[in-house]
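Student: Sharing a structure, written as structure tokens. Questions coming.
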Amino acid sequence: MSFLPPHRDDRHLSVLHVSADFPDAYEASKTPAVRNLIELVGDRFCHSVISLNRVSPGWAESLGMLTGRQSAILGCRPSSGLYSMRYAGFPKGILHASMLHRLADALSDRVATGPLPDLLVGYKLTAEGLVVAEMARRLGVPYALLLQGNSDVRALAARPDLRRLFAATLRDAAVVFSLAPWATARVEAMLGVKAKAVVDLPCPVTLDTPVPPRITGGGLVTAFHLRHHRLKNFAGLVRAVKSARRHDGKLELAVIGGGSARQAAQVERIAGRAPGIMLAGALPNSAMPAAYNGSAGFVLPSLRESFGMVFIEALFCGAPVVYPAGRAISGCFEDEPFAIAVDPLDPEAIAEGMLRLRRDEASLKADLARWQTSGAADRYTRDEIARSFEHGLRSAVIPSNERAAVRVAAA
């Protein structure tokens, strides 16, 4: 089975993406971030996607793999360039690299039966990156990586025994795409190597048309799905609101987000009877610009966040933001007063950020309005992200493939 799309066109470079975070036939509810990114450049390359789903192998399958009789691929459902795939992998990182290399071997055997792609792209250094690096070695094609700060940093911390392998995977990538500057700095520091080339690639957001800020004197908003309340540090937010209201008795926080009845009950229990906290429930995307624009600011001191598209959407909609230092959009707005970094583990720091959003609303929103119209916001629009992604993909191929230069000129 070839993994190239049926519409392959020799005028365009062919790119084979390998991701565990792509909605597919086995799990349609996966986050659409990777799919949205690929769709931005959908007409500029010939794309195919291998969407991975890990399945713990049974005893018979495990024995078959150890003896070489069982493929690491346990199932594949192809459909118009998307290959939804189940592969054998043990939970809790057991034989992590070995199982991924077995998967890479099986994929390489299949890819080798058809025209080779011009480029492989893996959507996490510490998982899919190991797969595409081994495939690239076997097939003789270049590969690119996308760093996901939250997932990759956690994996690097958990697996010091694999850091030499992770370091080689990062070092040998033709191009590394990074969702946020902090992720690149943290990963390179942990591994002690530098990537050959890094392209900052923010996640594309839906709300990327600027809505001018306006002074409302209103409350603050936060937004997350209620099932993520621990990750989004809702308990810390509640403590911060209680602290902030000792200085500003009119401060209020609206919590936008839906969830199951059980998840709503958990959030209500954490909020308790704390004054100033209102659970607004879910809102349609069409209502979010007004919710952001009518607030004094947006607050989300997440404990872990690779990028945080919600911060960019809030800024485009005219709301200054409080974000977690060393995470999310860290490194993107260091000199901009309308983006306030706080220690997410310190409720008093969060409270001070909230108070500042209210106290300095006029000046913060004036600075935000300047940013929206200065051209600095352009790099977070879908058009500019598409240009950056396209440039990075092409630059990964051109140095090592003369055919690419011909195709680029013809495109």
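The values are calculated or read from the model by the stated rules, or taken from the named source; none is laboratory data. Computed from a predicted model, the values in this text were never measured in an experiment. Glycine also receives a Cβ, built like all others from the backbone with ideal geometry; neighbour counts cover every protein chain displayed. The area values use the complete protein model at the heavy-atom level, side chains included, leaving out ligands, DNA and RNA. Shrake-Rupley method; radii C 1.70, N 1.55, O 1.52, S 1.80 Å.
Student: Consider only pairs whose beta carbons are under 6 Å apart and that are at least six residues apart or on different chains; among these, list those whose first residue lies in segment 155-179 and is farther than 18 Å from Val397 by Cβ and whose second residue is open to solvent by 30 Å² or more (accessible area, probe 1.4 Å) and acidic (Asp, Glu).
Tutor: Ser178/Asp200
Student: While we're here: Looking at Pro275, Pro347, Pro337, which one is of a type outside the set (Gly, Ala, Ser), over 24 Å from the mean Cα position of the chain (by Cα) and within 23 Å of Asp378 (Cβ to Cβ)?
Tutor: Only one candidate passes the filter, namely Pro337.
Student: Out of Ala33, Ala20, Ala60, report the one residue that is hydrophobic (A, V, I, L, M, F, W, C), closer than 20 Å to Val205 by Cβ and either over 23 Å from the mean Cα position of the chain (by Cα) or open to solvent by less than 50 Å² (accessible area, probe 1.4 Å) (or both).
Tutor: Sole residue among the options that is hydrophobic (A, V, I, L, M, F, W, C), closer than 20 Å to Val205 by Cβ and either over 23 Å from the mean Cα position of the chain (by Cα) or open to solvent by less than 50 Å² (accessible area, probe 1.4 Å) (or both): Ala33.
Student: If you don't mind, another one. Working only within segment 271-298, note down all residues that are open to solvent by 60 Å² or more (accessible area, probe 1.4 Å) and either under 18 Å from Ile350 (Cβ atoms) or charged (D, E, K, R) (or both).
Tutor: Passing the criteria: Arg273, Pro275, Met278.
Student: In addition: Which of the numbered conditions does Ala25 fail, given that it passes all the others? Conditions: (1) of a type outside the set (Lys, Arg); (2) within 21 Å of Leu95 (Cα to Cα); (3) modelled with pLDDT of 90 or more.
Tutor: Here Ala25 clears every test but (2).
Student: When both residues are 6+ apart or on different chains and their Cβ atoms are under 7 Å apart, which pairs have a first residue that lies in segment 232-257 and is closer than 12 Å to Ala274 by Cβ and open to solvent by 10 Å² or more (accessible area, probe 1.4 Å), and a second that is in a helix (DSSP H, G or I) and modelled with pLDDT of 95 or more?
Tutor: Ala235/Ile270; Arg239/Pro347
Student: Based on what the data block shows, is Pro5 at pLDDT below 90 and either at positive phi or not in a helix (DSSP H, G or I) (or both)?
Tutor: yes
Student: Pick from segment 384-411 the residues that are open to solvent by 80 Å² or more (accessible area, probe 1.4 Å) and at pLDDT 95 or above: which of them is nearest to Leu237 (Cα to Cα)?
Tutor: That would be Arg387.
Student: Kindly list the number of the only condition in (1) under 17 Å from Glu128 (Cβ atoms); (2) surrounded by fewer than 16 Cβ atoms within 10 Å (Cβ to Cβ); (3) among the aliphatic types (A, V, I, L, M) that fails for Ala97.
Tutor: (2)
Student: Hey, another quick one. Please pick out the residue among Val55, Val15, Val49 that is modelled with pLDDT under 95, touching a Leu at 6+ places or on another chain (Cβ under 9 Å), among the β-branched types (Val, Ile, Thr) and on the phi < 0 side of the Ramachandran plot.
Tutor: On inspection, the qualifying residue turns out to be Val55.
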